[in-house]
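Participant: Once you've had a glance at the structure underneath, I'll fire off some questions.
What follows draws every value from the coordinates through simple rules; no lab data is involved. As the structure is a prediction and not an experimental result, all values here were calculated from the model. Glycine also receives a Cβ, built like all others from the backbone with ideal geometry; neighbour counts cover every protein chain displayed.
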Amino acid sequence: MNSTTISPVIRLSGVSKDFGSTRALSGVDLTVERGEVVVLLGLSGSGKSTLLRHLDGLELPTRGDVEVLGRSLPKLKAHELRRVRARVAMIFQQFELVPSLTVLENVLTGALARLKGPRLGLWAYPKQLKLAALTHLDRVGMLEKAYERADQLSGGQQQRVAIARALMQSPEILLADEPVASLDPESSAQVMRLIREIAADDGLTVVCSLHQVDLALGWGDRIVGLRHGEVVLDTPAMGLSKSQVMEIYGRVATSTAELSAIESELRDAEFAAQATDGIR
Amino acid sequence: MTALDVAGPSAGSAEDVAARAPRRAFPAERACAVVVLVAMLIFSVWSLSMLDFSWGNIQSSWNIAVKVFSRMGPISLPGPEDLFSLIGITFGIVVLGTLAASLISIPVALLAAANTTPAPWLRPVGRAIGVITRAVPDVVLALAFSLTFALGSPLPGIFALGIHSIGMISKLFADAIENSDDGPRLAIRAAGGSRAQEFWSGVFPQVLPSWIATALHRFDINLRGSAILGYAGVGGLGYAMKVAFAEFPTGYGRGLGIACVIFVMCVVLEIVSSTIRRNLLGVQPLGRGLGDRIVRAATKNRPAPAQRVAPRGEVDVHRMLRRPWTRDRVRDTSWTATGLLVVVAAWFLTDIDFSQVQWQFVPRTIESFWPPDLGSYSFADFAQAMLVTIQVAFAAALLSLVFSLVFGSLAARNVAPSGGVRNTFRVILVIFRGVPELVLAIFLIMVTGLGNQAGVVALAFGGIGLLGKLIADSFEEVPNGPERALTAAGASRAQRYLAATWPQGLPSLIGNSLYLVDTNIRSATILGIVGGSGIGFYLTNASTVLTLHGQVTTLVLMVIVTVLAVEGVAAWMRRVFR
Ligand SMILES: Nc1ncnc2c1ncn2[C@@H]1O[C@H](COP(=O)(O)OP(=O)(O)O)[C@@H](O)[C@H]1O
Ligand SMILES: [Mg+2]
């Protein structure tokens, strides 16, 4: 293979991000190798979304450097940045499909970076792209919904369409920002499994943020914990148990409020686990 | 035992309580606002009294009207062929003008919307384009560009509507963009899309329904106002009406007939456009016209049905390449085709002849508006004329306010003594709104031979329809807790109205009245053009001569400043009386 396999696909060095007086990220160092599946774990407000947005150049760091696929994002011109973004796909908690467009056209928007000029309407896309889009829809099990409006689908179905849109980019990196936080437990499990399968089949590098510990365990290769915009945990997921993660979390929690938040999350996780056990 | 006993001895006597009670707080800003309001009310009363609505004057106009009606021929219409060609031209001008304005409004709205503007300093530019185009009356534009086109040509009309309508359309387009969901746009940006792709794939599909609804709404407004364009020599029904009214007494029957045609056309097309807005787009028609109301009443409680697509047989990627002709797709396609057909038809109906256009006049016409000047007049002349126009606007607003307080209150469910009364007054308000006030004004001006009085009556008439409805709605929206509390305490209907409904409805009443003054100033300017009074008189004179266009700029700037001042006061009042 070529030189990109040697250097990591993502390298953050000393990244800090301030929004006014709020420090969303502070001194983050993170390296992700090609093909790794990384879970970003953290409570709400810990900076997960902000970190992911840095990896796609949607935010630029206040300090430090973000290197993605061998390019230093803060130094890029707008059109170069777009070229990097085309190789990095992102899926969102709220799916972010265009509600009034058909499912197929939504998937096709994933290919816009490869096309010149704006497109509107299915006829504006070349046939082989349409075939590719339908193939991706088939892969996520949404082929027969291709011509329905996106807003007529359930949440789980919309997230599958969003995954197909991401695949349309033929990405090297897949970023997912709490992809199942708006879904019911059953669709959550399906969507998480789908992402994992696709990552394995296509050899994608995945960075996925979650705030549920139980979903994270046994899903990723590696768990990175964020707290107040700092990396407080970075460990292989292999053989890690829930109580171990919570213990680490508990040790790094400095205030009682944080501890109780973690405890209630643990309770929720256990409750959810029992609920899914009950279904089985 | 009485209530006083319960309070106990420590409560003290009544005087004691009065002495200990806090002084009534009255912030200075509120006091200022009250003073301004009272001043405006006094100004309105004074304006009304200045316009000489004396008994003798009313009698003499009544006599003129009687004479006119007794001597004019029977109401008649032009021959069917003429009539259809006139209708076609008016329809075509309004369609093409509105379409042009909508297309130009897209880039203007992109500049003005906070989330699409390329640079923050361009936002005020986009807004300014909207404010200026809205402030220049379409008639003035049509007059100003009449030199460039042959008399009776539709082009100045298309031009005028196309520029004037940008103000409202671009404002509403920009609002729609700002209200759209940012997420899909960011998703396209995250996938490497360009700015243009972000807009056309992520924003445009979201805002399109609301944009079409806005364009259709503006189409209705432009149609109602199109009669006035005839005064600038723009062909169509308005011009035919003007020509007819110029022939006394033989033409009056025809003029009246044409006025009726315009009225019917307004109502019919408003019904059509509201139906489209409702059925195609799921946007409730919110307009003030008769058609909007009928559609709203007819479609009440009928939610738009959701549709599902279930492909038959086996699905595979290659078969799915062909999009099935579902009901949704058939519907969308036929609407698109109909829309295109209407535009093409409008093009042919107006019979635009570009060879008649004197292109060499276009740049000179545009240049001629700068710099603003006073010509042979003094600023005092213009100020005096502006004052007359403002007087007409305020006087009409006062008349509307008085009548619509009565009508609007009785049309409010929580005020009217019975459902029957409420419905009766709702219908009365609908009728008031149905009449295009500008057509009414032309008619009154023609018949009575009076300028300002006729203008005030016509504006007041239209204003009752608008303000009455707004009052009724705002009274109905008042939280009904206080009313129920007073009813429980044994208050009468009238006491409840004054003590609970009024205080709660007052802020929106003030805001709506000022809004009426604002629209009245624009309308009074236009009426002055027809009736030859106020600032409209100078506008007519100056806009037809290329070398006098500097005066047009001065006059329009004066109108802009006045309207902005009223809008500013309205915004301040809304804040203070919230
Ligand atoms: N665009 C922004 N403007 C201001 N503050 C922001 C912005 N985005 C994030 N923040 C702040 O940064 C912190 C981290 O937010 P976020 O990355 O969304 O956390 P998470 O995704 O883990 O919930 C929060 O305190 C949030 O309020
Ligand atoms: Mg987040």
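Participant: For a quick check: with amide H placed at 1.01 Å from N, whose amide H comes under 5 Å from A:Glu230's, ignoring anything fewer than 5 positions away on the same chain?
Facilitator: A:Ser26
Participant: Further question on the same structure: So how do A:Asp221, A:Asp177, B:Asp332 line up by other beta-carbon neighbours within 10 Å, fewest first?
Facilitator: Listed from fewest to most nearby Cβ atoms, that is B:Asp332, A:Asp221, A:Asp177.
Participant: Hey, another quick one. Quote the relative contact order of chain A in percent (integer), defining contacts as alpha-carbon pairs under 8 Å separated by 6+ residues. Display every interim value, and only then the final one.
Facilitator: Details: 480 pairs, mean separation 66.0, N = 280.
Once normalised by length, the contact order is 24 percent.
Participant: While we're here: In whole angstrom, how far apart do the alpha carbon centroids of the range B:38-95 and the range A:55-81 sit?
Facilitator: Using only Cα atoms, the two centres lie 68 Å from each other.
Participant: Sticking with this structure for a sec: Just want to confirm a number: the relative contact order over chain B, from Cα pairs under 8 angstrom separated by 6+ residues, in percent.
Facilitator: This gives 18 percent for chain B.
Participant: In whole Å, what are the Cα extents of the range B:94-178 along the three principal axes, biggest one first?
Facilitator: Result for the range B:94-178: principal-axis Cα extents of 44, 21, 16 Å.
Participant: Label A:Asp234 and A:Asp221 with points 7 Å out from Cα along Cα→Cβ: what is the distance between them in nm?
Facilitator: A separation of 1.5 nm, rounded to one decimal place.
Participant: Can I ask one more? Other chains' Cβ within 10 Å of A:120-129 residues: what's the mean?
Facilitator: Per-residue shielding by partner chains comes out at 1.
Participant: Quick one: order B:Ile352, B:Ile169, B:Ile366, B:Ile521 by neighbouring beta-carbon count within 10 Å, fewest to most.
Facilitator: Numbers: B:Ile352 19, B:Ile169 27, B:Ile366 13, B:Ile521 24.
With the fewest neighbours first, B:Ile352, B:Ile169, B:Ile366, B:Ile521 line up as B:Ile366, B:Ile352, B:Ile521, B:Ile169.
Participant: Where a Cα-Cα gap under 22 Å defines reach, which lysines qualify for A:Lys145, not counting those fewer than 8 residues away within the same chain?
Facilitator: Result set, ordered by chain and number: A:Lys127, A:Lys130.
Participant: Further question on the same structure: Percent antiparallel among DSSP beta bridges with both residues in the range A:3-276, to the nearest 5? If you can, show how the numbers build up before the last one.
Facilitator: Numbers: 21 of 39 bridges.
Among the beta bridges of the range A:3-276, antiparallel pairing accounts for roughly 55 percent.
Participant: Report, as a whole number in µm² per second, the diffusion coefficient that Stokes-Einstein gives for the protein assembly as shown at 4 °C and 1.567 mPa s using the Kirkwood radius over alpha carbon pairs.
Facilitator: Values: Rh = 32.0 Å.
In µm²/s, the coefficient is 41.
Participant: Which value, in Å to one decimal place, does the Kirkwood hydrodynamic radius take for chain B when every pair of different Cα atoms is included?
Facilitator: Mean inverse Cα-Cα distance, inverted, gives 26.8 Å.
Participant: Here is a further query. Explain nothing, just the number: relative contact order of the range B:455-578, from Cα pairs under 8 Å at least 6 residues apart, as a whole percent. Don't jump to the answer; show the numbers that get you there.
Facilitator: On the way: 87 pairs, mean separation 32.1, N = 124.
Contact order relative to length: 26 percent.
Participant: Sticking with this structure for a sec: Membrane-span-like helices in chain B: DSSP H runs reaching 18 Å or more (Cα, own axis), mean Kyte hydropathy at least 0.0?
Facilitator: Helices meeting the criterion: B:28-50, B:80-112, B:122-135, B:166-179, B:204-229, B:252-281, B:327-350, B:379-410, B:419-434, B:452-477, B:502-531, B:549-576.
Participant: Give the longest segment of chain B that steers clear of GluC sites (Glu not before Pro) in DSSP loops with at most 15 neighbouring Cβ atoms within 10 Å, not counting the sites themselves.
Facilitator: With a cap of 15 other Cβ atoms within 10 Å, the longest stretch comes to B:315-578.
Participant: Continuing with this model, one more query. If each residue's Cβ is checked for other Cβ atoms within 10 Å, how do A:Thr22, A:Thr62 rank with the fewest at the top?
Facilitator: In increasing order of surrounding Cβ atoms, one gets A:Thr22, A:Thr62.
Participant: On a 0 to 90 degree scale, rounded to 10, what angle separates helix A:127-139 from the longest Cα axis of chain A?
Facilitator: Helix A:127-139 sits at roughly 40 degrees to that axis.
Participant: Would you kindly compute the Cα radius of gyration of the range A:3-276 and its largest Cα-Cα separation (Dmax), both in Å?
Facilitator: In Å, with Rg to one decimal and Dmax whole: 18.9, 58.
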